[in-house]
1. Label the chain by shape, choosing from rounded, prolate and oblate, from the square roots a ≥ b ≥ c of the eigenvalues of the Cα gyration tensor; if a/c is under 1.5 it is rounded, and otherwise prolate applies when a/b is larger than b/c, oblate when it is not.
2. Which one, V42, H94, W131, projects farthest toward the positive side of the charge dipole computed for region 3-187 from Cβ point charges (K/R +1, D/E -1)?
3. Relative to the first principal axis of the alpha-carbon coordinates of the chain, what is the inclination of helix 9-24, with its axis defined by its Cα atoms, in degrees from 0 to 90 and to the nearest 10?
4. Roughly how big is the chain's charge dipole about its Cα centre, with Cβ charges of +1 (Lys, Arg) and -1 (Asp, Glu), in debye to the nearest 20?
5. Using θ = phi - 60° and the Karplus form 6.51 cos²θ - 1.76 cosθ + 1.60, what ³J(HN,Hα) does each residue of region 144-154 get, whole Hz, x for Gly and Pro?
6. As a test, work out the antiparallel percent of DSSP beta bridges whose residues both lie in the chain, rounded to the nearest 5.
7. What shape does region 194-261 take by its C-alpha gyration tensor, where a ≥ b ≥ c are the square roots of the eigenvalues and a/c under 1.5 counts as rounded, a/b above b/c as prolate, and the rest as oblate?
8. For helix 128-142, report the angle its Cα long axis makes with the longest principal axis of the Cα atoms of the chain; keep it between 0 and 90° and round to the nearest 10°.
Amino acid sequence: MSGSSVAGGSLTALAAEVGRDLERLDYFSPGWVRSRDGVFDVVIVGGGQSGLGAAFGLLRERVRNILVVDENPAGFEGPWDTYARMITLRTPKHLTGIDLGVGALTCRAWWEAQYGSAAWGALDKIPRGAWMAYLRWFREVLGIPVRNDAMVRLIEPQEGAVHRLTLEGGETLLARKVVLATGIQGGGEWHTPDFIRNNLPADRWAHTSQAIDFDALRGRRVGILGGGASAFDNAQHALNAGVAQVHVHIRRPALPTVTTPTWTTPPNTRSPTLS
Ligand SMILES: Cc1cc2nc3c(=O)[nH]c(=O)nc-3n(C[C@H](O)[C@H](O)[C@H](O)COP(=O)(O)OP(=O)(O)OC[C@H]3O[C@@H](n4cnc5c(N)ncnc54)[C@H](O)[C@@H]3O)c2cc1C
């Protein structure tokens, strides 16, 4: 646990508060799992918020011999600072989770340490970049062991209830347990319709999951296929980047007006702005 390189004096104070809370929870006592040479107790594939949260959960249970691996460079795990292009999270700001009930680890504590509680009160939704900055802080303040630039290509069972993970490039890791926290892309692959892939030159189209050079589209007309959230995220992002026109194409006769998972989000009754 270290707060030394966390930016800003107020975050250093918050890191100390986190340390005190964890001390009270017996977080720093020795681990209890009998070690096996060269074998991690748990390897978590994916260093997004789920992977970091799972790692904290294990460390809190004093399972210490763990490793998180993520294919991205450090600080660029998940969608937030890569292919997501909305201005704020869609999730209400009051939802907590990966803090596992430690108040000093919440995004709210992180925000208030830097900008004050009035600023948190005035905030509608958490800005996308701020969420990623919070996740970076969370990882750092908890000292979660993450290996970046490491893509897991293969997981195979081995003798003795051990799993072998093969990374891109051939290096292998051994783990007793493997947690897949591979996020949205873990469920399949990004899809581009064949009529685009097979008929348009590669420099005329992109999938929203890719890095897109919006500067190169300045003053141009852009068509977007699909009318879901990412379509409108990319539309506003393109227009803000100087694209002249954006046309969103949807198959349905009308835009859906109900977000089906919304009912699963408990409303914060103190906030009159939630709909
Ligand atoms: C545009 C957009 C907006 C969203 N907005 C919201 C929102 O407002 N609120 C909300 O709750 N959710 C939102 N989501 C959903 C969001 O993806 C998840 O909430 C969040 O990212 C889930 O975290 P995660 O850790 O499960 O997955 P991710 O954040 O996707 O992290 C998974 C990580 O695993 C890595 N990985 C995958 N496979 C491998 C492999 N084989 N080897 C190594 N690394 C691997 C990935 O590169 C990634 O870094 C949004 C998603 C998108 C795309």
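Readers should treat all values here as calculations from the given coordinates under stated rules, not as data from a laboratory. Predicted model only: the values in this text are computed from it and were never measured. No Cβ is skipped: glycine too gets one built from the backbone with ideal geometry, and neighbour counts run over all protein chains shown.
1. Numbers: a/c = 2.13, a/b = 1.30, b/c = 1.64.
The shape class here is oblate.
2. H94
3. It works out to around 50 degrees.
4. Working: 28 positive and 26 negative charges, 143 e Å.
With only Lys, Arg, Asp and Glu charged at Cβ, the dipole is about 680 debye.
5. Karplus values, whole Hz, x for Gly and Pro: 5, x, 10, 10, 8, 6, 10, 9, 7, 9, 8.
6. The antiparallel proportion sits near 45 percent.
7. Details: a/c = 1.93, a/b = 1.33, b/c = 1.45.
Oblate, because a/c is 1.5 or more while a/b does not exceed b/c.
8. On a 0 to 90 degree scale, this one is about 10.
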